[in-house]
Amino acid sequence: MSDPSDEFGRRVADALRAKADDAPAGRPLASIARRRIRRRRQSLLAGAAAVLVAVAIGGVWQGVSGTVRENASTADSPAGSGQATEQDHVPDKPAQTAHQSTGCPASHPITVTPLRSTAITAGLDLNTPVTGLTACRYRVVKPGERHATLLIGSAAFDARQAQAVVDAIKPLPERNPDLPVFKCKPEAVEPSEAIVLRFATAAGIREIWVVYDGCADAGFFTGTKVYGLYAEPLRLFMTGAVRPSRGTYLDALPGW
Amino acid sequence: MEAAVALPETGSESPVFETWVLIHGDALLRFAYVLTGDANLAEDAVQDALTTACAKWSRIGAVDDPEAYVRRMIVNAHISWWRRFRRRESPSAEPIGANRAAPATSDGAAQRADADAVWALCATLPSKQRAAVVLRFYEDLSYAEIGRLLNCAEATARSSVHRALAALKVKLSKEGAEDV
C-alpha cells in the first residue's frame with residue numbers, strides 16, 4: 001500500500017477504490033473476445049483469398065495480353081518484306097504460358113551503373129535458334145541510389161516473334177551512322193533505363209541488352225558483339241509497358 | 001476455437017478462457033476504469049487485452065499469474081492511447097466537476113464528496129502519472145514493479161507518483177481555500 005507516512009496517498013487510494021465500484025460490470029467479455037478473433041481470422045482468410053484471386057486473374061490477364069500483343073506485333077512488322085513472308089511459313093509454337101512470360105528477375109546486372117556490356121555473362125549467339133522471348137525494361141540506378149522497383153515493364157513473345165527479333169538484329173552494322181554523337185554532362189552519360197531481351201534457347205536463357213538512353217553508347221549488346229541501334233528491330237518488341245516514352249538515342253533515331 | 005467453451009478447466013494446465021474471464025473480468029474492468037477514468041475506454045482496453053490474450057491463451061493461461069499479464073496489457077494499451085491521442089488529451093487547469101462535489105452533510109457523504117474531488121483531480125493528471133498513481137495506490141505495487149510496467153526506472157516511477165501527489169495536494173488545497 002502507500003507509504004504509511006503519506007496520509008494523502010491513503011486518501012487517494014480510498015477514493016480510487018470507492019470510484020472503482022462505478023466501473024461497468026457483467027459484460028460478456030469472453031464471448032466478445034472470441035467473436036473478435038473469429039472475425040479477425042475470417043478477415044485474414046478473406047484477404048488471403050482475395051490475393052489468390054487477384055494473382056490468378058493477373059496470371060490469366062498476362063496470358064491473354066501476351067496473345068493480344070502477339071497479334072499487334074505481327075501487324076507492326078514490316079509488311080510485304082521477304083523476311084516476314086518467310087516467317088509466315090514457320091509453324092507457330094504454342095503461346096507462352098503466364099508463368100513462362102514472367103521471366104524478368106526483379107533485379108538485374110543491367111540496373112547497375114556504370115553499365116558495361118562485358119557484364120553479359122550469357123549473351124545470345126545470333127545463330128542460335130530461339131524458342132521464346134521476354135523483354136524486360138529496367139530502371140538503371142546510380143551507385144548508392146535505391147529504388148523500390150527496378151523492373152518497369154515486361155512483355156512475352158512466342159518463338160516466331162523471338163526469331164523475328166534476332167533476324168532483324170543479325171544484319172545490322174556495328175553502329176548506326178545516322179545517329180548523332182552526343183556530348184553530355186558526366187551525370188547524364190549513363191542511361192536512365194535499358195531493356196534486356198531474354199531469349200529461350202535449347203541451352204537456356206540467353207540475353208541481348210538494348211541501350212537507347214544516356215550518351216555513351218547505343219545499340220544491341222550480346223556480350224561479344226555490338227549491333228547498331230535501328231528502329232526496325234525495336235518496333236518488334238517495344239510495345240506496351242516495354243515501350244519507352246523517350247531516350248537520348250530514340251529521340252534522334254530515324255524512322256522511330 | 002468454439003470447442004474450448006465446452007471444455008472443463010484443465011487443473012494444473014491453463015484454465016479455460018471463459019471461466020477465467022468470468023472470475024476476473026469484473027476486477028479487470030474496475031482496474032481499467034480506475035486507470036482510464038472512463039467507462040468506455042475501460043471496456044475497450046479490457047476487451048482489446050482479452051482478445052489478444054484469448055488468441056494466445058494456451059501460453060498466457062499457463063503462466064503463473066495470467067491476471068498480472070492481462071493487467072500489464074491493459075496498462076500498455078492505456079499508455080499507447082495516450083501516445084496516440086496526446087494532442088487531443090491535455091490536462092485541464094481546473095478539474096471539471098471537482099467543485100461540484102456533493103456538500104458534506106454526514107460522514108458517508110463527506111467521504112463520497114472527497115472521493116469525487118480526488119477522482120476529478122486524478123482526471124487532470126497526465127496519463128502516465130495517473131497510471132503510476134493507480135498502480136501504486138490501487139494495485140499496491142512497489143515502485144520497482146511500477147517501473148517495470150511503465151517501462152521506466154524505479155526512481156522515475158517514484159518521482160512520477162510523488163509529483164502527481166504534489167499536484168493533487170496543491171489543487172485540493174486551492175479548492176478548499178476557494179470553497180471557504
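Read-outs: derived from the displayed coordinates by stated rules, not from any lab. Note that this is a predicted model, so its numbers are computed, not measured. Here Cβ is always computed from backbone atoms with ideal geometry, including for glycine, and neighbour counts include all displayed protein chains.
Set the bar at 23 Å for Cα to Cα. Now go through A:19/B:56; B:128/B:171; A:142/A:185; B:56/B:128; A:19/B:128 and name every pair that lies beyond it.
Cα-Cα > 23 Å for A:19/B:56; B:56/B:128; rest within.
Please rank A:140, A:112, B:134, B:34, fewest neighbouring Cβ atoms within 10 Å first, as an exposure proxy.
Arranged by neighbour count, lowest to highest, A:140, A:112, B:134, B:34 become A:112, A:140, B:34, B:134.
Which of B:160, A:43 has the fewest other C-beta atoms within 10 Å, and how do the rest follow up to the most?
A:43, B:160
With label points built 7 Å along Cα→Cβ from the Cα atoms of residue A:181 and residue B:56, find their separation and express it in nm.
6.9 nm
In the stretch A:155-240, if the dipole is taken from +1 on Lys/Arg beta carbons and -1 on Asp/Glu beta carbons about the Cα centre, which of A:173, A:212, A:159 is farthest to the positive end?
After comparing all options, I get A:159.
Using the number of other C-beta atoms within 10 angstrom as an exposure proxy, rank A:22, A:158 with the fewest first.
Ranked by crowding around the Cβ, least crowded first: A:22, A:158.
Once amide H atoms are placed 1.01 Å from N in the peptide plane, what residues at a sequence separation of 5 or more from residue A:132, or on another chain, have their amide H within under 5 Å of its amide H?
A:200
In whole Hz, what ³J(HN,Hα) sequence does the stretch A:17-25 give by Karplus (6.51, -1.76, 1.60; θ = phi - 60°), x for Gly and Pro?
5, 5, 6, 4, 5, 7, 5, x, 9
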